[in-house]
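In what follows, a structure is listed as structure tokens, so that the remarks can point back to it.
FYI, it's all coordinate maths here, none of it is from the lab. Every value quoted in this text rests on a predicted model; they were computed, and no experiment measured them. Cβ placement follows ideal geometry from the backbone for every residue including glycine, while neighbour counts extend to all protein chains displayed.
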Ligand SMILES: COC(=O)N1C[C@@H]2C[C@@H]3O[C@]2(Cc2nccnc23)C1
């Protein structure tokens, strides 16, 4: 009821702050929008679930996330997609892979430092009661 909506509102505010910081970090520019399927014509042959920061931002606003763990899972999809599509070989791929590893560690660090574990536990418990 009122309590639940306050908790999930708090979660949305936290997640918007995190995704906004990621979107404004130039090193993560390749993750901001969906990979352009007109330009990268074989992308969906390799990647089954495209994901990007703008899609995550929409999901925050839609109320799709009832825990930070679900948000982190979508970040992990971005990371896994980048590692899968961009083989180690060529320099451009190497750069995308490096940024994917940076994204993973950056988000894990933010969550560890800034997300209260009791708050996340409350979100998980409320999610079950939905
Ligand atoms: C998260 O970003 C990526 O996985 N990629 C892979 C694509 C291949 C290469 O770089 C990307 C975008 C792109 N667009 C046009 C032509 N070639 C490219 C970024």
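List of remarks:
- Filtered residues of the range 111-130 (kept if over 18 Å from residue 3 (Cα atoms) and surrounded by 17 or more Cβ atoms within 10 Å (Cβ to Cβ)): 111, 115
- The helices (runs of 4 or more DSSP H) found wholly in the range 21-130 and carrying at least 3 residues that are within 13 Å of the ligand (Cβ to nearest atom) occupy 43-46, 53-61, 68-85, 91-114.
- For first residues located in the range 87-98 and in contact (Cβ under 8 Å) with a residue 24 or more places away in the chain, partners that are assigned to a loop (DSSP other than H, G, I, E, B) and within 11 Å of the ligand (Cβ to nearest atom) and lie 6+ apart or on another chain with Cβ distances below 9 Å form the pairs 96/86.
- For the range 59-79, filtered to residues that are free of Cβ contacts under 8 Å to residues at least 12 places away in the same chain and surrounded by 12 or more Cβ atoms within 10 Å (Cβ to Cβ), the residue that is nearest to the chain's Cα centre (by Cα) is 73.
- Close pairs (7 angstrom Cβ cut-off, 6 or more residues apart or separate chains): farther than 15 Å from residue 103 by Cβ and touching a residue at least 24 places away in the same chain (Cβ under 8 Å) in the range 31-43, in a loop (DSSP other than H, G, I, E, B) and near the ligand (Cβ under 9 Å from one of its atoms) anywhere: 43/35
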